[in-house]
């Protein structure tokens, strides 16, 4: 396969395993570029990309912007906090105004699930979903699975547990889809109140005991507790959550094997992970950040070639 079948990246659910492998192979090449003295290629020199973020973001927005600039694209950044959205402008009007400025690609984050899908049906530009509500976050899942492949050699056959706030996480759903398409076994672990009611129907194992989950897995992807999305209390306190589900060095060293620790960031240090775990040789958190630029370069490059 030499190109993607779709002109948009709306979610992992719509990608085939062959398309994911193509993105990974392309990212491998761009990772070589990022390690050169001159970290820039002219691949998207005639392409204009608008980063349209209706929700706060630091890592994802900066990673996309850096990826776009490394590919020599022209970049326009849009933030709803300082825009006409505050005056009541609709999503479609906002984006159509941006497209009137001859933008070719739109990277969008929105608090409403399905917003990028809606947009893809109404405009001609390539759409990349940078996170839609609690639905999906495809490039995060791609960089996570790419990082597992890089550290362990392959994703197929690996046992991966996703720990924490599964209920409010868009990262969890995209990761489940990506890992399963590449042949990994997936488990979710967290308090029962933070696990979606029918999560097992996605073909994942469900575990409430963090020790049992860590004893089972090869890789633990630890999610942030998303207090900003929680409309009610799902557990008594952060201290209690940390006591039952936080991962510390003592817990890791008590296992009879070494496991890989991941986190999409930002980390609530002392809640999901203690600093001695987050900064240890077990963790590949900074590798994930580096790989995020290469993966997003690959996605932008491949989608720019699909105009139909």
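Apart from one condition, residue 193 fits all of (1) farther than 26 Å from residue 290 by Cα; (2) touching a strand residue (DSSP E or B) at 6+ places or on another chain (Cβ under 9 Å); (3) touching a residue at least 12 places away in the same chain (Cβ under 8 Å); the exception is (2). Picking from residues in the range 253-295 that are in contact with a strand residue (DSSP E or B) (Cβ under 8 Å, 6 or more places away or on another chain) and assigned to a helix (DSSP H, G or I), the one that is surrounded by the fewest Cβ atoms within 10 Å (Cβ to Cβ) is 275. Scanning for something assigned to a helix (DSSP H, G or I), under 16 Å from the mean Cα position of the chain (by Cα) and either more than 25 Å from residue 295 (Cα to Cα) or modelled with pLDDT of 95 or more (or both), does the range 196-214 turn up at least one residue? Looking through the range 196-214, none of the residues is assigned to a helix (DSSP H, G or I), under 16 Å from the mean Cα position of the chain (by Cα) and either more than 25 Å from residue 295 (Cα to Cα) or modelled with pLDDT of 95 or more (or both).
You will find that of 61, 45, the residue that is in contact (Cβ under 8 Å) with a residue 12 or more places away in the chain, surrounded by fewer than 17 Cβ atoms within 10 Å (Cβ to Cβ), closer than 26 Å to residue 103 by Cβ and in contact with a strand residue (DSSP E or B) (Cβ under 9 Å, 6 or more places away or on another chain) is 45 and no other. Of the residues making up the range 3-14, at least one is part of a helix (DSSP H, G or I), in contact with a strand residue (DSSP E or B) (Cβ under 9 Å, 6 or more places away or on another chain) and buried (at least 18 other Cβ atoms within 10 Å of the Cβ).
Scan the range 268-304 residue by residue and report those that are more than 19 Å from the chain's Cα centre (by Cα) and under 19 Å from residue 138 (Cα atoms). If the condition is that a residue be more than 19 Å from the chain's Cα centre (by Cα) and under 19 Å from residue 138 (Cα atoms), then 304 is the only one that fits. Yes or no: the range 94-112 includes at least one residue that is assigned to a helix (DSSP H, G or I), more than 17 Å from residue 79 (Cα to Cα) and assigned by TED's automatic domain parsing to the domain that holds residue 53. Within the range 94-112, not a single residue is assigned to a helix (DSSP H, G or I), more than 17 Å from residue 79 (Cα to Cα) and assigned by TED's automatic domain parsing to the domain that holds residue 53.
For the range 12-28, the count of residues that are farther than 24 Å from residue 72 by Cβ and out of contact with any helix residue (DSSP H, G or I) (no Cβ under 9 Å at 6 or more places or on another chain) is nonzero. Residues in the range 174-183 that are without any contact (Cβ under 8 Å) to a residue 40 or more places away in the chain and surrounded by 22 or more Cβ atoms within 10 Å (Cβ to Cβ): 176, 179. Tallying residues that are more than 16 Å from the chain's Cα centre (by Cα) and either crowded, with 22+ Cβ neighbours inside 10 Å or not in a helix (DSSP H, G or I) (or both) within the range 150-161 yields 7. If we keep just the residues of the range 215-237 that are modelled with pLDDT under 95 and more than 24 Å from the chain's Cα centre (by Cα), which is surrounded by the most Cβ atoms within 10 Å (Cβ to Cβ)? Selected residue: 235. If you go through the range 165-195 and pick out every residue that is within 24 Å of residue 20 (Cβ to Cβ) and in a loop (DSSP other than H, G, I, E, B), you end up with 5. Tell me whether the range 162-177 contains one or more residues that are farther than 30 Å from residue 112 by Cβ, within 23 Å of the chain's Cα centre (by Cα) and modelled with pLDDT of 95 or more. Checking the range 162-177: not a single residue is farther than 30 Å from residue 112 by Cβ, within 23 Å of the chain's Cα centre (by Cα) and modelled with pLDDT of 95 or more.
The values are calculated or read from the model by the stated rules, or taken from the named source; none is laboratory data. Keep in mind it's a predicted model, so treat the numbers as computed, not measured. Because the Cβ atoms are built from the backbone with ideal geometry, glycine has one as well, and the counts that use them run over all protein chains shown.
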